[in-house]
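Asks: Okay, here's the structure, questions in a sec.
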Amino acid sequence: METHLPEALRATPEGREMERVLRACVHCGFCNAACPTYQLLGDETDGPRGRIYLMKAALEAGRAGPATRRHLDRCLGCLACEATCPSGVRYGRLLELARPRIETLAPTPAPQRLLRWLVRRAFARRGRAAAALAAGRLLRPLLPPALRRTLPPRPGPVPPWPGPRHRRRVLLPAGCVQSAAAPAIDTATARLLDGLGLSAVRPEGDGGCCGALSHHLGATGEARALARRNVRAWLPYVEAGAPLVLTASGCAAHVRAYGELLADDPALADGARQVAAAVRDPVELLEPHAARLRPAAGAPRRIACHEPCTQRHALGLAGRLEALLARVGFETVPVPEPHLCCGSAGAWSLLHPRLAGRLRARKLERLTAGTPEAIATANIGCLLHLAAAAPVPVRHWLELVSAG
Ligand code: SF4
Ligand code: SF4
């Protein structure tokens, strides 16, 4: 694609990077077929190729209107387009670099800014996430129906975390929303790892949130601050050789990009790269141990696997979770169009509840086509979003597996 970015923009590293991405696009449109919002709305400007054009036009002219911002806001960031693109266009990186500039040209209206700020305040810290969920349960009757349905029930009793009896350590940060909404997931993971001779340890002094929520809501400064705090807290463990395991694939994908996020930080750029390189999705960590894994007592056996976009596209693990679950002994039912996003996408479902509901209905239709007993997934956002409307239980896969 021919580009004419202003000289002042081309003089910056970000400008040159955006130009490289734009020039790689040959406007073939293959990506549109994989895009959930294009499939739903059938509008070129709600697909990746159209959004690339919109970003190019805004960057070249130094002008953008509310329509440009709206079409970019509707992007889920699922990266299904990147996985389909024959030219290797880094759409996600382009969006990340262009968005703050377009925000200055066409600012988000005040009510939406307030909603984003509230979501960040409520959820991007561990203690606050727990308080926000407790308040939500108290005020449940007053909440909008979409939010009421997504609110998870109060977590039940959580079994004890195993003691650090093994020499081999795995760093397992607690995160924010998941540790408040479903603390049993990490405990089940720690117990599973313990059975394999690995002790899961919580790091001292991390920021709780990995920063993905802030990043996706456009608060880049806040996301960088959280990343810095986490890099400082996690680096000693990583330097001691511990893999960094995050049981929410959205967090794993975000932390794996810390190197890029803090590339211009003279004090922490190297540490951020080391931390990013230490990230292991639980699927990657457990694949070599598959022969020692089995379905946990009482776990449903016939399951549909919902691979989160962050695991499938951002981490590049398409098909690996389902293959692992089949090796462990589950009967996995076929799921048509596994690349389509469920509509959760971090806080996207809170900002676009109607579209998110339509994407969820479509996804659930495919997930339940093979009459599974349960749906297994790997990201707390997808889990809560799907569970709000699913006819069968939705579980984190790490709760369904044990070591024996
Ligand atoms: S598939 Fe790739 S090259 Fe083709 S239009 Fe989409 S982003 Fe551009
Ligand atoms: S990231 Fe997902 S929603 Fe956004 S343009 Fe690409 S495929 Fe469409």
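Asks: With the structure loaded, tell me whether A387 is in the same structural domain as R302 (by TED's automatic domain parsing), in contact (Cβ under 8 Å) with a residue 12 or more places away in the chain, surrounded by fewer than 22 Cβ atoms within 10 Å (Cβ to Cβ) and out of contact with any helix residue (DSSP H, G or I) (no Cβ under 7 Å at 6 or more places or on another chain) or whether it fails that test.
Replies: When the stated conditions are applied, A387 passes them.
Asks: What are the residue pairs meeting all of these: first residue in region 53-76, first residue free of Cβ contacts under 8 Å to residues at least 60 places away in the same chain, second residue β-branched (V, I, T) and not in a helix (DSSP H, G or I), Cβ atoms under 9 Å, and 6 or more apart or on different chains?
Replies: Pairs that qualify, where the first residue is free of Cβ contacts under 8 Å to residues at least 60 places away in the same chain and the partner is β-branched (V, I, T) and not in a helix (DSSP H, G or I), are K56/T3; L59/T3; E60/T3; R69/T108.
Asks: Quick one: would you say A34 is touching a residue at least 40 places away in the same chain (Cβ under 8 Å), touching a Ser or Thr at 6+ places or on another chain (Cβ under 6 Å) and not basic (K, R)?
Replies: yes
Asks: Any residue that is part of a loop (DSSP other than H, G, I, E, B), surrounded by fewer than 22 Cβ atoms within 10 Å (Cβ to Cβ), in the same structural domain as E307 (by TED's automatic domain parsing) and modelled with pLDDT under 95 - is there at least one of those in region 350-361?
Replies: Yes, that holds for at least one residue.
Asks: So which pairs qualify, if the first residue must be in region 350-366 and touching a residue at least 60 places away in the same chain (Cβ under 8 Å), the second must be surrounded by fewer than 19 Cβ atoms within 10 Å (Cβ to Cβ) and polar (S, T, N, Q), the Cβ gap must be under 8 Å, and the two must be at least 6 apart or on different chains?
Replies: Between residues of region 350-366 that are touching a residue at least 60 places away in the same chain (Cβ under 8 Å) and residues that are surrounded by fewer than 19 Cβ atoms within 10 Å (Cβ to Cβ) and polar (S, T, N, Q), the close pairs are L351/Q112.
Asks: Next up: For region 33-62, how many residues meet the condition of being hydrophobic (A, V, I, L, M, F, W, C), under 30 Å from A8 (Cα atoms) and within 12 Å of ligand 2 (Cβ to nearest atom)?
Replies: 3
Asks: Please work out which residue is modelled with the highest pLDDT, limiting yourself to region 200-213 and to residues that are part of a loop (DSSP other than H, G, I, E, B) and surrounded by fewer than 18 Cβ atoms within 10 Å (Cβ to Cβ).
Replies: For region 200-213, the residue satisfying everything is R202.
Asks: Please find, among L41, L22, L5, the residue that is surrounded by 13 or more Cβ atoms within 10 Å (Cβ to Cβ), of a type in the set (A, V, I, L, M, F, W, C) and more than 20 Å from L97 (Cα to Cα).
Replies: Step by step, each of L41, L22, L5 is checked, and only L41 is surrounded by 13 or more Cβ atoms within 10 Å (Cβ to Cβ), of a type in the set (A, V, I, L, M, F, W, C) and more than 20 Å from L97 (Cα to Cα).
Asks: Which number in (1) more than 20 Å from the chain's Cα centre (by Cα); (2) at pLDDT below 85; (3) buried (at least 17 other Cβ atoms within 10 Å of the Cβ) marks the one condition that P153 misses?
Replies: Unmet for P153, out of (1) more than 20 Å from the chain's Cα centre (by Cα); (2) at pLDDT below 85; (3) buried (at least 17 other Cβ atoms within 10 Å of the Cβ): (3).
So that you can scan it fast, the table gives a plain yes or no per residue for (1) more than 16 Å from ligand 1 (Cβ to nearest atom); (2) assigned to a loop (DSSP other than H, G, I, E, B); (3) at pLDDT 95 or above:
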| residue | (1), (2), (3) |
| --- | --- |
| R20 | no, no, yes |
| A57 | no, no, yes |
| S87 | no, yes, yes |
| L94 | no, no, yes |
| P107 | yes, yes, no |
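Asks: Any chance you could count how many residues in region 22-52 are over 23 Å from L340 (Cβ atoms), under 26 Å from the mean Cα position of the chain (by Cα) and more than 9 Å from ligand 1 (Cβ to nearest atom)?
Replies: Residues in region 22-52 being over 23 Å from L340 (Cβ atoms), under 26 Å from the mean Cα position of the chain (by Cα) and more than 9 Å from ligand 1 (Cβ to nearest atom): 1 in total.
The values are calculated or read from the model by the stated rules, or taken from the named source; none is laboratory data. The structure displayed is predicted, hence computed values, not measured ones. Glycine also receives a Cβ, built like all others from the backbone with ideal geometry; neighbour counts cover every protein chain displayed.
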